[in-house]
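Heads up: the structure comes next, in structure tokens.
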Amino acid sequence: MRDFKGSDYSSLLLNLTTTSLNKAQRRWRIAYAAIYSVRAMLSLVKDIVPGRIDPKASDASFSLSYTPLESGDVANINSMPLSYVPAIDQERLVEIMKIKDLPGIRALGGVEGVAASLRTNTTKGIHGNVQEVSRRRDLFGSNTYHKPPPKGLLFFVYEAFKDTTILILLACATLSLGFGIKENGIKEGWYEGGSIFVAVFLVIVVSALSNFRQERQFDKLSKISNNIKVEVLRDSRRQHISIFDVVVGDVVFLKIGDQIPADGLFLDGHSLQVDESSMTGESDHLEVDHKDNPFLFSGTKIVDGFAQMLVVSVGMSTTWGQTMSSINQDSGDRTPLQVRLDTLTSTIGKLGLTVAALVLGVLLVRYFTGNTQKNGKREYNGSKTPADTVVNSVVRIVAAAVTIVVVAIPEGLPLAVTLTLAYSMKRMMSDQAMVRKLSACETMGSATVICTDKTGTLTLNEMKVTKFWLGQESIHEDSTKMISSDVLDLLYQGTGLNTTGSVCVSDSGPTPEFSGSPTEKALLSWSVLNLGMDMDSVKQKHHVLRVETFNSEKKRSGVLVRRKSDSTVHVHWKGAAEMVLAMCSHYYTSTGSVDSMNSAAKNIIQAIIQGMAASSLRCIAFAHKVSSNESGLEEDGLILMGIVGLKDPCRPGVSKAVETCKLAGVTIKMITGDNVFTAKAIAFECGILDHNDKDEEEEAVVEGVQFRNYTEEERMQKVDRIRVMARSSPSDKLLMVKCLRLKGHVVAVTGDGTNDAPALKEADVGLSMGIQGTEVAKESSDIVILDDNFTSVATVLKWGRCVYNNIQKFIQFQLTVNVAALVINFIAAISAGEVPLTAVQLLWVNLIMDTLGALALATERPTNELLKRKPVGRTEALITNVMWRNLLVQSLYQIAVLLILQFKGMSIFNVRKEVKDTLIFNTFVLCQVFNEFNAREMEKKNVFRGIHRNRLFIGIIAITILLQVIMVEFLKKFADTVRLNGWQWGTCIAIASLSWPIGFFTKFIPVSETPFLSYFKNPRSLFKGSRSSSLNKP
């Protein structure tokens, strides 16, 4: 039996408190503790070290064995791998993390002691097999949060019942049902009241199902957007896993822009700064290190440096998880366009209410003055008329007036927006774009400028070193052996130590695996495969003292190292070639000699850099200096070691996508951190700059510092002409976005870095990159481009215009129905004292036109013609002159026809009143069916083009006609209709079909450029003036 230190018994006693063990396991552990309690006490008295446990002693806990106690239960414990048994009280650890108890961590043996207790090898990670990961998840929980359950269907049914109009209709239906049954018996008296109930029920169900579907859509999108990838160390290999698969004991790699996936402790890293504003509200960045503050919390973000973190709590055990459990997130925010449509709906509703009040007043006056008849007799005969009959008649009149309000209010508008956006979001996902904010769909259709990154968006972001210059000498692949061993050793240091990437020897073949950013992977690959670097050997021979991570302002990264063999201290810088060159006073040659960097030599090297940049190569320079200062990295008097040129080819299809955007009237501006020569070369290759516009090239290409130093007036004058901004910082990008928006542009911006977040938020539409984008960038954006491809940005533009266009189509269609129904009922009520369209019939029209019409027009796919129009921008009215022309002509035609049928229908067709009323109802519905085809194209005369591809539209039209036939022919008492013969059906269809030729010839009528409502002072602010504000972000 081997001796144990006191610390081993501490771990054992801690094990006894672990709640995950079963009773049998606890009994055997208590027995084991009792047997060795005397030795434990003696060991504790002799060896206790206050405040800290020797980390070496914790190694014994790995080999802790229960073999001496041989029995059945002990055998079971032995059969379970020790790495699965937590040697620490998890609840205590969670509490330590919550209050940042540094002495508590030290009492557990420091971070290394905690890692040992969690059975984590800090250099190799945990075992990645399914059993180990699953066991850790069982013991410590999964990395998921308990969210409030999504709203169910009944919730939305309840919400629909809150609508005032629906409540009034239900009250009318109840009264009508009661009086109807009393007057005509239950067999026939329920028809009118019951039919209103059924119609209201259908409206509620359709509305509730639509909102329920939208809620589920949001829930699905939320799960996708939250499923970020995390880099962990398992079985000595760095691998990317889902954030939901992170378990306690994992070693997680963190870099600038990452969101911390769980609560953990700092293991190793440099210059780590964390933004804890999401947790504490403090805007100051917090420095995290091994000694004074090793605490890292889930949900916070890395703003500088890099690190490895030991995960100690996940999911609901984290501080963020406990906070999230008390938050009820609501994703049902209304978009700016929906708010505008609500305003439009409200205004039309008020108009409908006014008309309904007039109709109500006229009908009541006519009734009580004895001017209405029923079955050839006066309905009201003063005191002779029973009270029940009076109340029943009044209820019928009120129901008719309320129904006018129902028809006047275009409830289909919000529904159309919901359907359009839900459909578009689903389709856009398959087109590599995930919409995070609904308003982005609408706003993207109005975009006038797209500011895009170069790397990874316009290019493939697959770097490869294709050129290497050592001093003034070009080194080819086959001549690398000629490089001096001293220079080669320094290049090994510069690439192997000044990097955030890593090299892993592959089990599957001789070629190692490289991880890190595309630039880091390219440099490491070149250094290992071409120069013969052994990265493990380089790391073992040197000790890293300080690290300065890559900064988008300085555009370089540095490292201070001590060589173990002679204790010399070396400074290494790597970064943008012209930036590093400015820090150098000498340069190496291939023989190892050092030459002075005089002006002639500097000019030659600058020409080399410009030549590589003009060939679309990214230029990275390496510089070195032996230093005596261990406190910081010197930035002058360096020796240039070499310059490499990395090729990042343009993505296939980018040139065509840029050309498409240009034809759509959208200006493309490239904002990149690369030098001006590389930026211009890529811009010409992508088509952002035109070889024919050499005269404008000077104004079209600027550097960030140049743009920054302009006066405000100069910036506003020149910003429209700028096409490329090179050597730009994130603040330059933000400045450009602000200038463009001040000039009235609707701006879309692509970004992938943490520092792009301000520009992404400032822009009207922020587009982040799904692959290379940091979590901060994604969180600040409205749409995530899943494949980082500019072609997808052009697709998003097309979808945005499609959404806006589909909503306009439905508005035109819906308002035609509303105007016609209002005018017909109003004129008939005033003149004849009755309304030709009953409550049930109007509710039926409301249902099929709002719901089925919205579904039919909202699901039109985008066409390339959409990208041949000018962008809407901020100024164009929501209801255009073209829409006014179309809807007014169709409304006037329907009003004329139906009023003729109302007043002359009986004599023209020689039919009784019931048949005439049915003809009016049938013709009105069929007019909307035919007009639905007209609404497919607002300006083009051929409304049938591409209809065979939209099977849903054809299906909805067929369903609408079928339901109308059933309504007229089979639901006679329910709908207050009578059966029509074939000739009468043919007449209805013929009258309705005239909508097509009328629509065709209407499109020959020219429209004015001046918005129609600008002639009316007050309504202008509703339809046009709100356009600008609607596109601003809330």
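Compute the whole-percent fraction of alpha carbon pairs in region 864-930 spaced more than 21 Å apart.
48
Find out how many positive minus negative residues lie around R119, taking Lys and Arg as positive, Asp and Glu as negative, among other residues whose Cβ is under 11 Å from that of R119.
+1
Once R0 is set to 45 Å, what does the formula 1/(1 + (r/R0)^6) return for the Cβ-Cβ distance between K481 and T123, expressed as a FRET efficiency to the nearest 0.05?
So, using R0 = 45 Å, E works out to roughly 0.85.
Which residues' amide hydrogens lie under 5 Å from the amide hydrogen of D782, considering only partners 5 or more residues apart or on another chain, with H built in the peptide plane?
Under 5 Å from the amide H of D782 lie the amide H atoms of G766, L767, S768, each far enough along the sequence or on another chain.
List the residues whose amide H sits under 5 Å from the amide H of G592, counting only those 5 or more places along or on another chain, with H placed 1.01 Å from N in the peptide plane.
Residues meeting the amide H criterion: S484.
Using the Cβ atoms and a cut-off under 11 Å, what net charge is assigned to the surroundings of T750, where Lys and Arg are +1 and Asp and Glu are -1?
It works out to a net charge of -1.
For K941, put the label point 7 Å out on the Cα→Cβ axis and report which residues of region 878-907 keep their amide N under 17 Å from it.
Under cut-off, by backbone N: 886.
Put a dot 7 Å past each Cα toward the Cβ at L102 and D289; how far apart are the dots in nm?
So the two model labels end up 1.0 nm from each other.
So which trypsin sites (Lys or Arg not before Pro) in region 891-991 end up in coil per DSSP with only 16 or fewer other C-beta atoms within 10 Å?
Here the sparse-neighbourhood loop sites are R912, K940, K941, R945, R979.
Would you list which lysines come within 21 Å of K940, measuring only between C-alpha atoms, while excluding same-chain residues fewer than 8 positions from it?
Answer for K940, where 21 Å is the Cα cut-off: K798, K809, K868, K870, K1003, listed by chain and number.
Which GluC sites (Glu not before Pro) in region 452-486 sit in a loop by DSSP (not H, G, I, E or B) and have at most 15 other Cβ atoms within 10 Å of their own Cβ?
Filter output for region 452-486: E462.
Tell me, what HN-Hα J-couplings in whole Hz come from the Karplus equation 6.51 cos²θ - 1.76 cosθ + 1.60 at θ = phi - 60° for each residue of region 534-550, using x for Gly and Pro?
Once θ is set to phi - 60°, the couplings for region 534-550 become 9, 5, 4, 5, 4, 5, 5, 7, 9, 10, 7, 9, 9, 9, 10, 6, 4 Hz.
Amide H to amide H under 5 Å from T300: which residues, 5+ apart in sequence or cross-chain, H placed 1.01 Å off N in plane?
I260
T918: net charge of surrounding residues, Cβ under 13 Å, Lys/Arg +1, Asp/Glu -1, itself excluded?
Net charge in that neighbourhood comes out at +2.
How high is the relative contact order of region 572-611, in percent, counting Cα pairs under 8 Å that sit 6 or more residues apart?
30
State to the nearest 20 debye the size of the charge dipole of region 886-999 about its Cα centre, where the only charges are +1 on K and R beta carbons and -1 on D and E beta carbons.
Taking the Cα centre of region 886-999 as origin, the dipole is about 140 debye.
Going from the alpha-carbon gyration tensor of region 657-739, what semi-axes, largest first and in whole Å, does one get by taking the root of 5 times each eigenvalue?
20, 14, 12
Measuring from label point to label point, each 7 Å out along Cα→Cβ, what is the H543 to I771 span in nm?
Using points 7 Å along Cα→Cβ, the separation is 4.2 nm.
At 7 Å along Cα-to-Cβ for each site, give me the label-to-label distance between F155 and D690 in nm.
5.4
Taken together, the values in this text are just the output of simple stated rules run on the coordinates, not laboratory data. Keep in mind that what you see is a predicted model, and the values were worked out from it rather than measured. Using ideal geometry, Cβ is built from the backbone for each residue, glycine included, and neighbour counts are taken over all protein chains shown.
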